[in-house]
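Read through the structure below, which is laid out as C-alpha cells, and then see the notes.
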Amino acid sequence: MPNFGNVWHYHEELELHYTIRGEGVRFIGDNISSFAPGEIILVGEKLSHAWRCKDEYYQNNPEYNIEAIVLQFLPDCLGKQLLQLPESYLLPKLFDKAKSGLIIKGETKAKVAELMHTSVEETGIGKIIALLQILQVIAESDECETIVKTQTTFHQSNEADNIRLNNIFNHTHAHYKEDITLEEVANIANLSITSFCRYFKTMTRKTYYDFLVEIRISHACRLLVENKLPTEIICFECGFNNVSNFYRHFKKVMGLTPLEYKKRYLSRN
C-alpha cells in the first residue's frame, strides 16, 4: 500500500503488527514514537493506535510504499474453554499485558517475524496453528517491552469523538513544523479553547501542547538516526523556534540529549 492511512482508532481485536517496509511516527495509547522497518508490536484490545508514515508516503511517489503483515484476533477467538485450560495459562497473562501495548525485541522478534511470514502462506487450519505458535513464542518470552505508561491512558470514544480526534491528529501532522495555536485546533474541534483543553486531556491524558511536542520530538528522532542533517537544522525542521528549547524538550521526552540519542542508535546498527 502507499501508506498506513491517517486514522486513529481502536477495536475489540488484538493486533500483531509487523512493519516490513515504511517509516514514520506511531501512536499507541499515550505513547508517540518513530517506527521503522522490522518493528513488531502487539496492540491489546481497545487500545487506540495509528501508524502515520512520513510525508513522502502521501505524495503518490512509487518509490515510497509500505508493506506489513497484520494479524487481528479476538482474545477468545478459539473459544473461552481454550483460555481456561491449565496448558494455556500464559495466554490470558499475555492478553492482559497487551492492553499496554508490547514491542517485541531480540530473538523473539526474529522468530515471530518468520512465523508471521509462514502464517501468510498457510491455508486452512495451518493459519490457526501458526497463530498459536506465534502466541506461544511471545507469551514465553522476556523480550517484550511495555509501550504505554498505564492501561487506562486513552478514553474510549464514540464515532463522533473518533472523527474529531482524527481531524485534530491530521491537522497537527500537516502543520507540526509551524506555530499551531490553541485557538486554531479548538476551531477544528468546534469547541471553545477551554472546552477543547478539557476534552483533549480527557481523551488522551495529556495536554495538546505535550502532544504537539512529542510529535515534533518523534520526527526529530527519525531525522537524527538518518544522520543527514546537523542537529541545529533538525531543530527548526521539526517546529522548534530555538535550539535551547529543542534540547530541553528532547531531554525531557527521551531522557537523552539529541547527540546521546543518535550515538546510542548508531552504535546498535
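The values are calculated or read from the model by the stated rules, or taken from the named source; none is laboratory data. Quantities reported herein were computed from a predicted structural model and do not represent experimental measurements. As a convention, Cβ positions derive from the backbone with ideal geometry for all residues, glycine included, and neighbour counts pool all protein chains shown. What goes into the accessible areas is simple: the full protein's heavy atoms, side chains included, and nothing from ligands, DNA or RNA. Shrake-Rupley method; radii C 1.70, N 1.55, O 1.52, S 1.80 Å.
Annotations
- Summed over the range 1-31, residues that are among the aromatic types (Phe, Trp, Tyr), open to solvent by 50 Å² or more (accessible area, probe 1.4 Å) and out of contact with any Ser or Thr (no Cβ under 7 Å at 6 or more places or on another chain) total 1.
- Cβ pairs under 6 Å, 6+ apart, first in the range 239-260 and within 19 Å of residue 227 (Cβ to Cβ), second open to solvent by 70 Å² or more (accessible area, probe 1.4 Å): 243/232; 257/251
- Considering only residues in the range 83-92 that are open to solvent by 70 Å² or more (accessible area, probe 1.4 Å) and not hydroxyl-bearing (Ser, Thr, Tyr), the one that is nearest to residue 144 (Cα to Cα) turns out to be 87.
- Candidate set from the range 62-77 (those that are out of contact with any Asp or Glu (no Cβ under 6 Å at 6 or more places or on another chain) and closer than 14 Å to residue 23 by Cβ); member that is most open to solvent (accessible area, probe 1.4 Å): 63
- Any hit, the range 181-194, residues being of a type in the set (A, V, I, L, M), within 25 Å of residue 49 (Cβ to Cβ) and out of contact with any helix residue (DSSP H, G or I) (no Cβ under 8 Å at 6 or more places or on another chain): no
- Tally, over the range 239-269, of residues that are part of a helix (DSSP H, G or I), open to solvent by less than 70 Å² (accessible area, probe 1.4 Å) and over 21 Å from residue 35 (Cβ atoms): 3
- In this structure, residue 161 qualifies as charged (D, E, K, R), more than 19 Å from the chain's Cα centre (by Cα) and open to solvent by less than 70 Å² (accessible area, probe 1.4 Å).
- Scope the range 138-152; condition at pLDDT below 90 and surrounded by fewer than 18 Cβ atoms within 10 Å (Cβ to Cβ); matching residues: 149, 150, 151, 152
- Verdict on residue 102 being closer than 22 Å to residue 149 by Cβ, modelled with pLDDT of 95 or more and crowded, with 16+ Cβ neighbours inside 10 Å: yes
- On inspection, residue 46 fails the criterion of being in contact (Cβ under 8 Å) with a residue 40 or more places away in the chain, open to solvent by less than 30 Å² (accessible area, probe 1.4 Å) and closer than 27 Å to residue 106 by Cα.
- Selection status of residue 80, crowded, with 16+ Cβ neighbours inside 10 Å and basic (Lys, Arg): no
- For the range 205-220, the criterion of being hydroxyl-bearing (Ser, Thr, Tyr), in contact (Cβ under 8 Å) with a residue 40 or more places away in the chain, crowded, with 19+ Cβ neighbours inside 10 Å and closer than 30 Å to residue 115 by Cβ is satisfied by at least one residue.
- Unmet requirement for residue 134, which otherwise passes all of (1) open to solvent by less than 20 Å² (accessible area, probe 1.4 Å); (2) assigned to a loop (DSSP other than H, G, I, E, B): (2)
- Scanning the range 105-129 for residues that are surrounded by 15 or more Cβ atoms within 10 Å (Cβ to Cβ) and touching a residue at least 24 places away in the same chain (Cβ under 8 Å) returns 105, 108, 109, 111, 112, 113, 116, 119.
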